[in-house]
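Asks: Following this message is one structure expressed as structure tokens.
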Amino acid sequence: MGRGAGRFGQDMAYLAVEVSGAGRHPGAWRRAGPVLTPGYHVELAATAARAGVDFLALGDSFAGQEGPTLDAVAIAARVAPVVPEIGLVPTVTVTHTEPFHISKAIATLDLVSSGRAGWEVAVSRTAAEAELFGRKAAAPAADLWREAAEAAEVVVRLWDSWEDDAVIRDAATGRYIDRDKLHYIDFTGEFFSVKGPSITPRSPQAHPLVVVREEPDSLPVIAAWADVVRVAAPDLAAAHAARDRVRAAVAAAGRDPESVAVLLDIETHLGADAARELDALGPLEPSSLRVAGSATALVDVIEEAVRGGAADGVTLVPLVLPGGLHPIADEVAPALVDRELRTTMPPGFTLRERFGLARPANFFTATTISGV
Amino acid sequence: MATKQIHLAAHFPGVNNTTVWSDPQAGSQTDFGSFVHFAQTAERGLFDFLFLAEGLRLREHRGKIHDLDVVGRPDTLTVLNAIAAVTTHLGLGGTINTTFNEPYELARQFASLDHLSGGRAAWNLVTSSDAFTGENFRRGGFLKPEQRYDRAQEILDAARELWLSDRQPVEHRGEQFSFSGRLTLPSTPQGHPVLIQSGDSDAGREFGAKTADAIFSRHGTLESGQAFYADLKGRMPKYGRRREDLSILPATTFALGDTEAEAQENGHRIRTAQVSPQTAIAFLEQVWGRDLSAYDPDGPLPDIDPDPGAEITRGRVRHEKDPMAVANSWRELAEAKGGLSIRELIVETTARQSFVGTPKQVARQMDAYVQGDASDGFILVPHLVPGGLDEFVEKVIPELQDLGSYRTEYTGPTLRDHLGLARPEVAHETRATG
């Protein structure tokens, strides 16, 4: 018998929150205070941590935002030492950024957060982004995601390019490492080749959590590499269909669909006056299901989504920050516990452990240790 | 004349044999706790900045990954952003290679660090041309050696255009890069990050005199330090820069003791630990270009001559240009010192502390070096992680303060404040590059 949707297969909801700049609503910038100070980002992360969310998704792209934005890995690293427990999942696009750099940056985020790092894989579609680099033209989504599949493979292989016990510090032989436990990845693909090994040793989680958004061309990357999938859907029926697509693709790739959590994006703006406040910010086409209303209305939607099998959890996307996070911490999170959709986690879990995922075996040793 | 103030930077011990990983007190090279300890010690000592080096391919020796020194390190910018969270004033500098990064991305990453640290970022520009490292990157090792400073200059110009654009559109059309668009960030607390350079060639010195806020040098003796200092500062006026707009910081090691004899003994102990028997042979092989693993490190130098064409080590700069000359000078030295063994010879030639003595003696030596215009300060390279700065901060810093040549508190929040540098202005930059 398969488990129900949700956390630990117990009809429990995974809970993430996406933050970027002053919030997803472009009109939010006009009312924003300083969004570039470290204090702003520490406060956002601390509020999300108070809500007990599994991870903070830090959105990012090289262009297209209304207001000023910082590099998302930088923000994650800046908050990691001072905000405990919460997972930190920055978006890093692969279209213009070297996979070698991505691999060591996310592994290092895992180090400085003691195993709370993830990586949201994304592509840069626009001509505006391509022109910031001037190396190649904007490409169709199918090409971008084919390249992303190679980038993800390189990043994950580099994470495994050091075995856990490669550092031996053997004074008798003068050797700091056992170099037989470092591996060239020797990746050659359609778009690039990368030799390896990484310059950064294997990280606490070994494989930080890989998050990918569901779209038609991203399914191969999801099938091969995703631990968590984010779905945007206008309603729960569409979300259900998207979850089915993801699970089918994962199963077809020979992986267990139970090991890949599907989280539905819900745009939120909560409060008695929520709808009127949103109108005042100007128009915004919804990019996924939206709740502009009470915390109870949001909790109802989450309950229906998870208990009805449309999703294993949700990523809440406050349209206006930092204010939009407060009702999530103060009202939504406690209500989810009351409805037995969430439990309070004891401290000390890695992000993978929050998703019930084991620390993976090393690709380069898996064949030799499988018989042990 | 007022006493010149000494600037100090702290180099996190890295992937060469200066770092003694075999010491019982040596901690993890990658745990964040090691970085926290080291950075907070530097901040307690009122250092100008912490510094992280970088190498984007693991070194190889005789076709295999070099395993005798520390290997591996975390990502520079990610660690610096995390250290910003556990320090308040300490500058945060790192090497980032211009060959394997694009100007837009670098400008955005350093601007992010400067914002998230409240104005404490510094970038050591390094440009490499080796295809060896290029194998880790999609662009490969395409750069011709003679283009190194062209690329460094252009990436710096491009980054500055972005940093000082205040989110206005930038269009850059150059030999190395052609791009257009807006940075997602306004100018940073420091205007833009502090710029560090370390080239020693004529082109490198010219680049430093024109652009750098700080220079790492390798000139250890008073005389060579003074010559380098005079040369570098003498090149600045033609770029409209004042001598005090640039700090020259030679890489510096030290050994301390309660008495001079104890300091000498500690120095010898550290030098010996830095050159294990296996490391001695590896050093010799770098010069000889041959497999010398059959030689006894406690025996005499090889009779055979170096293979001048061989590149036995990859992934590090080879400073010895003429292996035969080096071999001959080593043979003469070994004989002059009464028949040094291979290991003793390598200890003698490669592992030497810049300053050895009691805390008071070391403080006076350092002060004399700076007051004598051999430098503006030092980048200290301790031999231990994470505690390599502890004793220096506890004992030498107060002596420097007593001499009146070292700060007793930070006087501003930014690294430019610590280094006494003006904040670059948008209008000034437009004139300078236009």
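Asks: Can you find a residue that is closer than 16 Å to residue A:20 by Cα and at pLDDT 95 or above anywhere in segment A:97-107?
Replies: no
Asks: Quick check on residue B:118: is it facing chain A (nearest Cβ under 10 Å) and within 20 Å of residue B:9 (Cα to Cα)?
Replies: yes
Asks: Among the numbered conditions (1) over 24 Å from residue B:300 (Cα atoms); (2) at pLDDT below 95; (3) not hydroxyl-bearing (Ser, Thr, Tyr), tell me where residue B:361 comes up short.
Replies: (2)
Asks: Please return the ranges of helices (runs of 4 or more DSSP H) entirely within segment B:83-164 where 3 or more residues are in contact with a strand residue (DSSP E or B) (Cβ under 9 Å, 6 or more places away or on another chain), under 20 Å from residue B:211 (Cβ atoms) and in the same structural domain as residue B:44 (by TED's automatic domain parsing). I'd like the intermediate steps shown before the answer.
Replies: Details: elements: B:103-116, B:131-134, B:148-163.
Ranges flagged: B:103-116, B:148-163.
Asks: Sticking with this structure for a sec: When segment A:5-33 is examined, which residues are found to be modelled with pLDDT under 85, more than 23 Å from residue A:212 (Cβ to Cβ) and assigned to a loop (DSSP other than H, G, I, E, B)?
Replies: Correct list: A:10, A:11, A:32, A:33.
Asks: Can I ask one more? Take segment A:226-239 and flag every residue that is of a type outside the set (A, V, I, L, M), out of contact with any helix residue (DSSP H, G or I) (no Cβ under 9 Å at 6 or more places or on another chain) and touching a residue at least 60 places away in the same chain (Cβ under 8 Å).
Replies: A:230
Asks: In segment B:161-171, which residues are surrounded by fewer than 21 Cβ atoms within 10 Å (Cβ to Cβ) and either in contact (Cβ under 8 Å) with a residue 40 or more places away in the chain or closer than 16 Å to residue B:193 by Cβ (or both)?
Replies: Hits for segment B:161-171 are B:161, B:165, B:166.
Asks: With A:258, A:303 as the choices, which residue is surrounded by fewer than 15 Cβ atoms within 10 Å (Cβ to Cβ) and either in contact (Cβ under 8 Å) with a residue 12 or more places away in the chain or over 20 Å from the mean Cα position of the chain (by Cα) (or both)?
Replies: A:258
Asks: Of the conditions (1) within 14 Å of chain B (Cβ to nearest Cβ); (2) among the acidic types (Asp, Glu); (3) closer than 23 Å to residue A:15 by Cβ, residue A:235 satisfies every one except a single condition; which number is it?
Replies: (1)
Asks: Shifting gears a bit: Just name the residue that is nearest to the other protein chains (Cβ to nearest Cβ) out of those in segment B:12-34 that are among the hydrophobic types (A, V, I, L, M, F, W, C) and either outside any helix (DSSP H, G or I) or at positive phi (or both).
Replies: Applying the first criterion (among the hydrophobic types (A, V, I, L, M, F, W, C)) to segment B:12-34 yields B:12, B:15, B:20-21, B:26, B:32.
Cutting the leftovers down to either outside any helix (DSSP H, G or I) or at positive phi (or both) gives us B:12, B:15, B:20-21, B:26.
Numbers: B:12: 14, B:15: 9, B:20: 10, B:21: 5, B:26: 8 Å.
Out of the qualifying residues, it is B:21.
Asks: For residues that are in contact (Cβ under 8 Å) with a residue 12 or more places away in the chain and more than 22 Å from the chain's Cα centre (by Cα), tally how many sit in segment A:261-276.
Replies: Total satisfying the criteria: 5.
Asks: Suppose we keep only residues that are among the basic types (Lys, Arg) and under 28 Å from residue B:345 (Cα atoms) within segment B:235-271. Which one would you say is surrounded by the most Cβ atoms within 10 Å (Cβ to Cβ)?
Replies: B:271
Asks: When residues of segment A:34-53 are filtered for being at pLDDT 95 or above and either buried (at least 19 other Cβ atoms within 10 Å of the Cβ) or aromatic (Phe, Trp, Tyr) (or both), how many remain?
Replies: Counting residues in segment A:34-53 that are at pLDDT 95 or above and either buried (at least 19 other Cβ atoms within 10 Å of the Cβ) or aromatic (Phe, Trp, Tyr) (or both) gives 9.
Asks: Let me ask you something else. In this structure, does residue B:77 turn out to be hydrophobic (A, V, I, L, M, F, W, C), under 22 Å from residue A:107 (Cα atoms) and at pLDDT 95 or above?
Replies: yes
Asks: Let me ask another. Look at residue B:168 and say whether it is within 12 Å of chain A (Cβ to nearest Cβ), part of a loop (DSSP other than H, G, I, E, B) and out of contact with any His (no Cβ under 9 Å at 6 or more places or on another chain).
Replies: The answer is no for residue B:168.
Asks: Right, another one. Identify, by number, the condition in (1) more than 9 Å from chain A (Cβ to nearest Cβ); (2) buried (at least 24 other Cβ atoms within 10 Å of the Cβ); (3) over 21 Å from the mean Cα position of the chain (by Cα) that residue B:123 doesn't meet.
Replies: Residue B:123 satisfies all of (1) more than 9 Å from chain A (Cβ to nearest Cβ); (2) buried (at least 24 other Cβ atoms within 10 Å of the Cβ); (3) over 21 Å from the mean Cα position of the chain (by Cα) except (3).
Asks: Now, a different point. For residue B:195, are the conditions met, namely being within 19 Å of the chain's Cα centre (by Cα) and closer than 16 Å to residue B:125 by Cα? Give the derivation first.
Replies: Numbers: within 19 Å of the chain's Cα centre (by Cα): yes; closer than 16 Å to residue B:125 by Cα: yes.
Considered against the rule, which asks whether it is within 19 Å of the chain's Cα centre (by Cα) and closer than 16 Å to residue B:125 by Cα, residue B:195 comes out as yes.
Asks: Pick from B:187, B:178: which is within 24 Å of residue A:129 (Cα to Cα), in contact (Cβ under 8 Å) with a residue 40 or more places away in the chain and among the small types (Gly, Ala, Ser)? If you could, list the steps in order and put the result at the bottom.
Replies: Details: B:178 fails: in contact (Cβ under 8 Å) with a residue 40 or more places away in the chain.
Every option except B:187 fails the conditions.
Asks: Which of the residues belonging to segment B:200-234 are aliphatic (A, V, I, L, M), more than 19 Å from residue B:380 (Cα to Cα) and surrounded by fewer than 18 Cβ atoms within 10 Å (Cβ to Cβ)?
Replies: B:203, B:227, B:230
Asks: Does any residue of segment B:67-88 turn out to be surrounded by fewer than 22 Cβ atoms within 10 Å (Cβ to Cβ), more than 7 Å from every other protein chain (Cβ to nearest Cβ) and more than 17 Å from residue B:382 (Cα to Cα)?
Replies: yes
Asks: Follow-up question, since we're still on this one. I'd like the residue in segment B:298-349 that is over 25 Å from the mean Cα position of the chain (by Cα) and among the polar types (S, T, N, Q) and, out of all such residues, is surrounded by the most Cβ atoms within 10 Å (Cβ to Cβ).
Replies: Once the filter is applied, the top-ranked residue is B:341.
Asks: Where in segment A:156-232 are the strands (runs of 3 or more DSSP E), entirely inside, with at least 3 residues that are within 12 Å of chain B (Cβ to nearest Cβ)?
Replies: Values: elements: A:167-170, A:175-177, A:209-213, A:228-231.
Where strands (runs of 3 or more DSSP E) fall fully within segment A:156-232 and carry at least 3 residues being within 12 Å of chain B (Cβ to nearest Cβ), they are A:167-170, A:175-177.
Asks: So, one more: Would you check which residues across segment B:314-344 are under 28 Å from residue B:265 (Cβ atoms), free of Cβ contacts under 8 Å to residues at least 60 places away in the same chain and of a type outside the set (Asp, Glu) and list them?
Replies: Filtering segment B:314-344 for residues under 28 Å from residue B:265 (Cβ atoms) gives B:329-330, B:332-344.
Keeping just the survivors that are free of Cβ contacts under 8 Å to residues at least 60 places away in the same chain gives B:329-330, B:332-341, B:344.
Selection gives B:329, B:330, B:333, B:334, B:336, B:337, B:338, B:339, B:340, B:341.
Asks: What pairs come up if the first residue lies in segment A:54-66 and is crowded, with 24+ Cβ neighbours inside 10 Å, the second is assigned to a loop (DSSP other than H, G, I, E, B), and their beta carbons are under 6 Å apart, counting only those six or more places apart or on different chains?
Replies: A:56/A:86
Every residue, every condition in (1) in contact (Cβ under 8 Å) with a residue 60 or more places away in the chain; (2) of a type in the set (A, V, I, L, M); (3) not assigned by TED's automatic domain parsing to the domain that holds residue B:220, yes or no:
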residue: B:373; (1), (2), (3): yes, no, no
residue: B:401; (1), (2), (3): no, no, no
residue: B:412; (1), (2), (3): no, no, no
residue: B:419; (1), (2), (3): yes, yes, no
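Asks: Now, a different point. Condition check: outside the structural domain of residue B:210 (by TED's automatic domain parsing), at pLDDT 95 or above, surrounded by 14 or more Cβ atoms within 10 Å (Cβ to Cβ) and not charged (D, E, K, R). Does residue B:295 satisfy that?
Replies: It is true that residue B:295 is outside the structural domain of residue B:210 (by TED's automatic domain parsing), at pLDDT 95 or above, surrounded by 14 or more Cβ atoms within 10 Å (Cβ to Cβ) and not charged (D, E, K, R).
Asks: Would you check if there is a residue in segment B:31-48 being closer than 19 Å to residue B:254 by Cβ and touching a Gly at 6+ places or on another chain (Cβ under 6 Å)?
Replies: Yes, there is a match, as at least one residue in segment B:31-48 is closer than 19 Å to residue B:254 by Cβ and touching a Gly at 6+ places or on another chain (Cβ under 6 Å).
The values are calculated or read from the model by the stated rules, or taken from the named source; none is laboratory data. A quick note: this is a predicted structure, and the numbers were derived from the prediction, not measured. All Cβ positions, glycine included, derive from the backbone under ideal geometry; neighbour counts span all protein chains shown.
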